[in-house]
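Visitor: The structure that follows is given in the form of structure tokens.
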Amino acid sequence: MRAIKKTIPHIFLMGYLLIILYPFLFVVFSSFKTNNQDIASNPFGLPGSISFDNYVNAWVNAKISTYFLNSLYIGILAACVSILFAAMLSFAVTRMRYNKISAIVFQLILLGMLIPNNSLLLPIYGIMRKLDILDTHMALILPYVANAIPFSVVILAAFMRSLPGEIEEAAVIDGLSSAGLFARIIIPLTIPAIVTVFIINFLGNWNEFLLANYFLSNDALKTLPVGMVGFRDAYNTNYAQMSAGIVFSVVPVMIIYAILQEQIIEGVTAGSVKG
Amino acid sequence: MNKALRNPLIYVLFILPAFILFLAFFIYPVFTAVNNSFTSWNGISKNVHYIGFDNYVQAFNDLAFWKSVRNNVYFILFSCFIQVPLIIIFSLLIANVKRFKGLYKTAVFMPSIMSTAVIGILWGFIYNPDFGLANEVLGLFGVSPVYWLSDKNWAMISILITNAWQWTGFYIVMVLAAILSIPKELDEAAAIDGATGFQRATKITLPLIMPIVSVVIMLSIAGAMKAADIVLVMTKGGPAGSTDVMATYMIRYAITSFRHGFGNSIAVLIFVFTIIITVLYQVLIAKRTERIEY
């Protein structure tokens, strides 16, 4: 009786896991099948033989490699810049002695988390056109950096507030200026929070679709989500090849997640609760 | 000490880069959106005509606009009345199992880190009427194939299911963290007093996690108002506008038919509706679920 009682929750939870995981398995199986007929006749089963043709075709012909590298470089660059700016602001606001101004600046930045960002798509499009950088990677990097700032500030400022003041006092007595304090004391101590924020920002940039879809038209500049949608529209009769494309765009994120899942979960939940 | 940390030049230099970007990409766009919403601007030409509230009047008189509002409401209702109960049930189940807890927690979160666009493509394939997984599973039970994304009775619900598939795990992890932070003694004391597992879940755990459930509802409302990429990728708002949300309606007018001024008025409406719902929710419901200290 007790054993039965213990397995009932697992039955429900395993059912849920199946719903979460099976779609991925379905796509992986399909990616090894030779054509639509093959998928239709045997949708659940393993492919007859393992052939990487679909992967080679997707990577080479469909330029998944280009999109992949674009996403990687935009994602990393924007995440690094937003962390640098957010860390500088957080340091000034939490550790420097200007309490009244700091409180106002901090509250203003938090306001950014309330603004639904896709309603700003059109004005930002206008800004990009005025700056004449539409259809360059800058058109994505600038808004990505700006978008990540409120969340990054919330996390980094909370972390910096928890640092004890004695270390700073000692460093100041040893002759460090405030800029030196930031670079040599605060940043090294904040690394754990920085890593978390970096991953969250990077994933956000890697996954972003709306801006990337409307601000870039040159095919060689497109990011992975946009490239994948274009790829689907072009090859939407070849589901085997499309599946290979999906695998390419999902696997890197899964690898990052497998390695860093603790930090990702912690960062995302902390950010959303505090926001 | 004070001298080093009271250097006004450094203070300003450190705040400026982030602050300028913030003003340029959050504050300034809000003002230009409001300003442009009163114009008939096409987004390109030099001369701009102010037309007062005409754009808003036109939006309110457009049946397609209200259809898109209704679909945003479906997003909200689906998450509040279907997703939230599921989130609570699965969180309680995961919190109370001894084995595989880590596996469940890790796996359920996975879809939330994936690109919405790619998930839209993946589920588009699953919903494929001829060889998609959804109809194959239905076939096992002898149900005839459904044209998930091209039938206007099914397209919206198909998108809601995909959206729920992506985000349910994200919220489960949040609620789970709240459950696991409740001191064990409370539960043990109730167990000694003879409370059943079900009683303990509903009388002790549930009231204690209401604040976080409230946050989850808030976040899903905000998410529902933002929904756009999943619709664009899966149906582009079709068939016949049956899956349009406010954001895709806005994009269609502003970018595809060059009615920039009108698009901006929709952007302002998205913003205003979001604030109204948020404030209403805070005043009517969230206030009653006060924070509980252990």
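The values are calculated or read from the model by the stated rules, or taken from the named source; none is laboratory data. This one's a predicted model, so the numbers in the text were calculated from it and none came from an experiment. Surface areas here come from the heavy atoms of the whole protein model, side chains and all, with no ligands, DNA or RNA. Shrake-Rupley method; radii C 1.70, N 1.55, O 1.52, S 1.80 Å.
Visitor: What fraction, in whole percent, of alpha-carbon pairs in region B:130-189 exceed 13 Å separation?
Guide: So the pairs more than 13 Å apart make up 73 percent of the total in region B:130-189.
Visitor: Please pull out the direction-averaged projected area of region B:71-184, using the convex hull of its alpha-carbon atoms, in nm² to one decimal place.
Guide: Seen from a random direction, the Cα hull of region B:71-184 projects 8.7 nm² on average.
Visitor: If the cut-off is a Cα-Cα distance under 13 Å, which aspartates and glutamates reach B:Lys67, setting aside same-chain residues fewer than 8 apart in sequence?
Guide: Within the straight-line cut-off, B:Lys67 pairs with B:Asp244.
Visitor: Further question: Past the 31 Å Cα-Cα mark, which pairs from A:Lys5/B:Lys152; A:Lys6/A:Lys33; A:Lys100/B:Lys226; B:Lys226/B:Lys287?
Guide: Numbers: A:Lys5/B:Lys152 43 Å; A:Lys6/A:Lys33 40 Å; A:Lys100/B:Lys226 34 Å; B:Lys226/B:Lys287 24 Å.
In this structure, A:Lys5/B:Lys152; A:Lys6/A:Lys33; A:Lys100/B:Lys226 lie more than 31 Å apart at Cα.
Visitor: Express the carbon and sulfur contribution to the solvent-accessible surface of region B:45-85 as a percent, rounded to the nearest whole number, probe 1.4 angstrom. Working shown, then result.
Guide: On the way: 1780 of 2540 Å².
Carbon and sulfur together cover 70 percent of it.
Visitor: For B:Thr39, list long-range residues whose amide hydrogen, built 1.01 Å from N in the peptide plane, is under 5 Å from its own amide hydrogen.
Guide: B:Ile51
Visitor: Against the empirical 2.2 N^0.38 Å scaling, what ratio does the C-alpha Rg of region A:56-107 come to?
Guide: 1.98
Visitor: Could you list the square roots of 5 times each eigenvalue of the Cα gyration tensor of chain B, that is, the equivalent ellipsoid semi-axes, sorted largest first and rounded to whole Å?
Guide: For chain B, the semi-axes come out at 39, 32, 18 Å.
Visitor: Need one word for region A:1-81: rounded, prolate or oblate. Basis is the Cα gyration tensor (sqrt eigenvalues a ≥ b ≥ c); a/c below 1.5 gives rounded, then a/b vs b/c decides.
Guide: oblate
Visitor: Would you calculate the convex hull of the Cα atoms in the protein assembly as shown and tell me its volume per residue in Å³?
Guide: So the per-residue hull volume is 181 Å³.
Visitor: Scanning chain A for helices, which whole DSSP H stretches are 20 Å or more long along the axis (Cα) and average -1.0 or more by Kyte-Doolittle?
Guide: For chain A, where a helix must reach 20 Å along its axis and average at least -1.0, the hits are A:2-32, A:64-95, A:138-161, A:187-207, A:239-274.
Visitor: Can you give me the span-like helices of chain B, meaning DSSP H runs with 27 Å or more of Cα extent along the axis and Kyte-Doolittle mean at or above 1.0? Spell out each step's value before the answer.
Guide: Numbers: long enough: B:155-180 (38 Å, 1.67); B:206-226 (29 Å, 2.01); B:260-284 (36 Å, 1.86).
Long hydrophobic helices here: B:155-180, B:206-226, B:260-284.
Visitor: How much of the calculated P(r) for region A:61-270 lies past 22 Å, in percent of all Cα pairs?
Guide: 57 percent
Visitor: Run a plain Debye calculation on region A:156-275 (Cα atoms as equal point scatterers, no solvent) and give log10 I(q)/I(0) at q = 0.11, 0.17 Å⁻¹, rounded to two decimals, same order as the q list.
Guide: One equal scatterer on each Cα of region A:156-275 leads to -0.59, -0.95.
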